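Student: Below is one structure. I have some questions about it.
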Amino acid sequence: MKKIFVFANIGDINQPPKGGGGQSSSRRVMQGFQDAGLGVAHVSRHFAHWEGKILHIIEVLTFAVVDLFKIFFKLRKEDKNSTLFYHMTFSGPLLPYEYIVTKMVRWMGFKSVMYLQGGQFYHYYKKGSERYKRLFVKVLNMQEMVQFEGKEGIDLTMPLTSTPLSYFPSYTFNKDIPERLPSRSTDQIRLLFFGRIDPNKNVDIVIESFELICQQRDDVYLTIIGGPGSSKEYVSKIDQKIARSAYHDRIERYGLSPFTFIKEKMQTHHFFMFPTSEPCEGHSNSLSEAMSQGLIPIVSNHNFNKSIVGDDRLVVDEVSPQAFAQKVISIIESGECEHFAQQMLDRERELYSHDAVNPRIVEELKSI
């Protein structure tokens, strides 16, 4: 295998990624393959953006057919003996389409690998009908390998199939991981959230937990960075909530920003607040990037968060302002902030860096 043909939500490669971390993850994976000397071709799965339920259904169905034809006409130009079809997907409701795509690819004589991004498939399988579960297993069995962002996905799938399974966590490029912890102020405690401003990200809980901490401490500050997610109304709600806060003078708010700016902000902050309940949440880019800069992540016990941070003391079982505020206060008062920060930086480098993940993944794919 010398070339990988990627089908994923990549978007316009010449434009900044849209729609959360999916496009960023797909582009990072492709870059990792290219860095390893593999040839890479791709078809970008259409990113739906038409508003309104009926229009959304029409758009999804129309471009599902369009994308299928794109795959066929581009893939038929490739050498099936040295090219691997690589399908990156969040699965869930896309399962029937994944079956059709895999069936066509196998009929064309190509071997197929599926990379299950996020945690959506995890919930869909558990809640799905027996028919859905049978189709899921059938799709797994049609692959040469199935890769997962979270170990929990492997635990779920291992009893279902004999297809080789692989753990492919989100990773950070080593050049973006500092050799030592950034020097941070001890006079102020700074909390940070960056990512989509979306109802499922629970940014309102970040603000409310910050306000509860401020009732006990006068040295705490909050920064929120991110563009709109699925609801522009929610973004307005968040901005109004900040404006009306009794502690608004201690809150900084920025819109969609380049990673260079976010990285600069991370150097001066201490905690990364992550109370997500997003069904599709996998190995979050934001979480990985925060850990890579030695921020202390305070995360909800949702999907793969717990196994990613690897320390129950940083995990909140109840997604509430009180629970998140208490967790932050307890860590500050323990005097172990630097210990946790170093622990997260080391964990990211050892387990979730490009050099720790990409060479193994490339060798696994080359062996097919």
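Student: If you go through region 9-39 one residue at a time, how many are under 17 Å from Phe148 (Cα atoms) and in contact with a Lys or Arg (Cβ under 6 Å, 6 or more places away or on another chain)?
Tutor: Final tally of qualifying residues: 1.
Student: Looking at (1) assigned to a helix (DSSP H, G or I); (2) under 24 Å from Ile207 (Cα atoms); (3) not aliphatic (A, V, I, L, M), which is the only condition His302 fails?
Tutor: (1)
Student: May I ask you to list the residues in region 16-29 that are in a loop (DSSP other than H, G, I, E, B) and either modelled with pLDDT of 85 or more or farther than 22 Å from Asn200 by Cα (or both)? Before you say what the answer is, go through the steps one by one.
Tutor: First, pick out the residues of region 16-29 that are in a loop (DSSP other than H, G, I, E, B): 16-20.
Across region 16-29, the qualifying residue is only Pro16.
Student: A further question on this structure: Does region 331-343 contain any residue that is outside the structural domain of Val40 (by TED's automatic domain parsing), out of contact with any strand residue (DSSP E or B) (no Cβ under 6 Å at 6 or more places or on another chain) and surrounded by 21 or more Cβ atoms within 10 Å (Cβ to Cβ)?
Tutor: Checked region 331-343: no residue is outside the structural domain of Val40 (by TED's automatic domain parsing), out of contact with any strand residue (DSSP E or B) (no Cβ under 6 Å at 6 or more places or on another chain) and surrounded by 21 or more Cβ atoms within 10 Å (Cβ to Cβ).
Student: So if I check each of Glu350, Glu318, Glu338, Glu363, which one is without any contact (Cβ under 8 Å) to a residue 60 or more places away in the chain, part of a helix (DSSP H, G or I) and over 17 Å from Phe173 (Cβ atoms)? Give the steps one after another, and end with the answer.
Tutor: Working: Glu350 fails: over 17 Å from Phe173 (Cβ atoms); Glu318 fails: part of a helix (DSSP H, G or I); Glu338 fails: without any contact (Cβ under 8 Å) to a residue 60 or more places away in the chain.
The match here is Glu363.
Student: Moving to a separate point now. Pick from region 106-132 the residues that are touching a residue at least 60 places away in the same chain (Cβ under 8 Å) and in a strand (DSSP E or B): which of them is nearest to Thr89 (Cα to Cα)?
Tutor: The first filter runs over region 106-132 and keeps only residues touching a residue at least 60 places away in the same chain (Cβ under 8 Å), leaving 110-111, 113, 115, 117-120, 122-123.
Narrowing the set further to residues that are in a strand (DSSP E or B) leaves 111, 113, 115.
Working: Lys111: 17, Val113: 11, Tyr115: 6 Å.
Per the criteria, the residue is Tyr115.
Student: Name the single residue that is farthest from the chain's Cα centre (by Cα) among those in region 239-259 being surrounded by 13 or more Cβ atoms within 10 Å (Cβ to Cβ) and among the small types (Gly, Ala, Ser).
Tutor: Only one residue tops the list, namely Ser245.
Student: Another question about this same structure. Give the residue that is nearest to Lys18 (Cα to Cα), with candidates limited to residues of region 195-204 that are surrounded by fewer than 24 Cβ atoms within 10 Å (Cβ to Cβ) and in contact with a helix residue (DSSP H, G or I) (Cβ under 8 Å, 6 or more places away or on another chain).
Tutor: Asp198
Student: Quick one: which of Thr157, Thr161, Thr89 is more than 30 Å from Val66 (Cα to Cα), polar (S, T, N, Q) and within 23 Å of the chain's Cα centre (by Cα)?
Tutor: Thr157
Student: Cβ-Cβ distance below 7 Å, separation of 6 or more or different chains: which pairs start in region 93-105 with a residue that is aromatic (Phe, Trp, Tyr) and end on one that is in a helix (DSSP H, G or I)?
Tutor: Taking only residues 6 or more apart or on different chains, the pairs are Tyr97/Ala64; Tyr99/Leu135; Tyr99/Lys138; Tyr99/Val139.
Student: Could you grab me the full set of residues in region 1-15 that are in contact (Cβ under 8 Å) with a residue 60 or more places away in the chain and assigned to a loop (DSSP other than H, G, I, E, B)? Steps first, please.
Tutor: Our first condition is that a residue be in contact (Cβ under 8 Å) with a residue 60 or more places away in the chain; within region 1-15, this holds for 1-9.
The answer is Met1, Lys2, Asn9.
Student: Residues to consider are Ile213, Ile224, Ile207, Ile262; find the one that is touching a helix residue (DSSP H, G or I) at 6+ places or on another chain (Cβ under 9 Å), under 23 Å from Pro178 (Cβ atoms), among the β-branched types (Val, Ile, Thr) and buried (at least 19 other Cβ atoms within 10 Å of the Cβ). Before you say what the answer is, go through the steps one by one.
Tutor: On the way: Ile213 fails: under 23 Å from Pro178 (Cβ atoms); Ile224 fails: under 23 Å from Pro178 (Cβ atoms); Ile207 fails: under 23 Å from Pro178 (Cβ atoms).
Of the residues listed, the single one that is touching a helix residue (DSSP H, G or I) at 6+ places or on another chain (Cβ under 9 Å), under 23 Å from Pro178 (Cβ atoms), among the β-branched types (Val, Ile, Thr) and buried (at least 19 other Cβ atoms within 10 Å of the Cβ) is Ile262.
Student: Specify the residue that is nearest to Ser292 (Cα to Cα); the eligible residues are those in region 247-274 that are outside any strand (DSSP E or B) and either among the hydrophobic types (A, V, I, L, M, F, W, C) or outside the structural domain of Ile213 (by TED's automatic domain parsing) (or both). Outline the logic, then answer.
Tutor: Initially, region 247-274 is screened for residues outside any strand (DSSP E or B), giving 247-250, 255-270.
Subset that is either among the hydrophobic types (A, V, I, L, M, F, W, C) or outside the structural domain of Ile213 (by TED's automatic domain parsing) (or both): 256, 259, 261-262, 266.
Details: Leu256: 20, Phe259: 13, Phe261: 15, Ile262: 12, Met266: 10 Å.
That would be Met266.
The values are calculated or read from the model by the stated rules, or taken from the named source; none is laboratory data. Note that the coordinates shown come from a computational prediction; the quantities given were computed from them, not determined experimentally. Cβ coordinates were reconstructed from backbone atoms using ideal geometry, including for glycine residues, and neighbour counts include every protein chain displayed.
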